[in-house]
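Just below is one structure, and these are the notes that go with it.
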Amino acid sequence: MGKAGTRVHLSGVTARINGTPIVGDVDLVAEPGQIVGLIGPNGSGKSTLLRTVYRSLRPATGVIRLDGDDLWRMSAREAARHRAAVTQDHSVDTGFSVRDVVAMGRTPHKGLLDRDTSADQEIVDDALERVRMTWAGERIFTSLSGGERQRVLLARALAQQPSLLVLDEPTNHLDVRAQLDLLELIRTLRLTTVTALHDLDHAAAYCDHLVLLRAGSVVAAGPPADVLTPDRIADVFGVRAHLGHHPITGRLHVATAPLSADVAATTGV
């Protein structure tokens, strides 16, 4: 199901929308098999930077390389064989079954009039099994819950057999169990992954490397414990933070509270 060995390197990437600079001179490295999380306040440029990686927005300057090859010099079909994305603005026609949706991931590997082969069917089967959605193969996609839809869209991405997975707020609008289930699943894939995340605790627990953005620029980059310091969180996000180990999982845990409020007074503690 793709290879885990892709190294992603963004060098001096700048992005503009309608002439307005959104992201400026960003360097980023995702080593093979790493999960790299983009974090930052709303408007910091996370989604815009991701768009340059999944080829929705051409960088104004800079280079994005996959294992040394310039992503934007590839044809659209070739690029789609290397990277797959699950974005926030996906749309799927109401009549498609789950299996139909996942099979769309095979498009970059097929000619215009090619029919699905037995190999394609096996890849779709494997993708559905990996996201634990085999049971829903004949269900209509739009009949599923939000968490189930996200799993199906992830299966579609896996059916592309990518070496790079790009995820834009993958837990958005999901309940707490669906969020954790999805993040645990992503950890098991062992694909090079670049993802934007809002939740600092999720970023701390599930990412190998974080890139903290503010106003389109990199504030800090490195292991979660190095990036998510209380002083930096207060400066960038305007909240107090405490870092420790999660009492259940043992992973790095970030607890936050209002920066100026008297928490004891407002909670009655």
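Here are some notes:
- Residue count for segment 83-112, restricted to those that are under 30 Å from G146 (Cα atoms) and either touching a Pro at 6+ places or on another chain (Cβ under 6 Å) or among the aliphatic types (A, V, I, L, M) (or both): 10
- Filtered residue count, segment 27-68, keeping only those that are within 16 Å of A85 (Cα to Cα) and β-branched (V, I, T): 6
- The single condition from (1) more than 14 Å from V36 (Cα to Cα); (2) under 18 Å from the mean Cα position of the chain (by Cα); (3) assigned to a loop (DSSP other than H, G, I, E, B) that A157 fails is (3).
- For segment 59-72, a residue qualifies if it is among the small types (G, A, S) and outside any loop (DSSP other than H, G, I, E, B), and exactly one does: G62.
- Filter pass, D199 being out of contact with any Phe, Trp or Tyr (no Cβ under 7 Å at 6 or more places or on another chain), among the acidic types (D, E) and closer than 17 Å to A255 by Cα: yes
- Checklist (1) touching a helix residue (DSSP H, G or I) at 6+ places or on another chain (Cβ under 7 Å); (2) touching a residue at least 40 places away in the same chain (Cβ under 8 Å); (3) more than 23 Å from D25 (Cα to Cα) applied to E148, failing item: (2)
Where a number appears in this text, it was derived from the coordinates with a stated rule and is not lab data. These numbers were taken from a predicted model, which means no experiment stands behind them. As a convention, Cβ positions derive from the backbone with ideal geometry for all residues, glycine included, and neighbour counts pool all protein chains shown.
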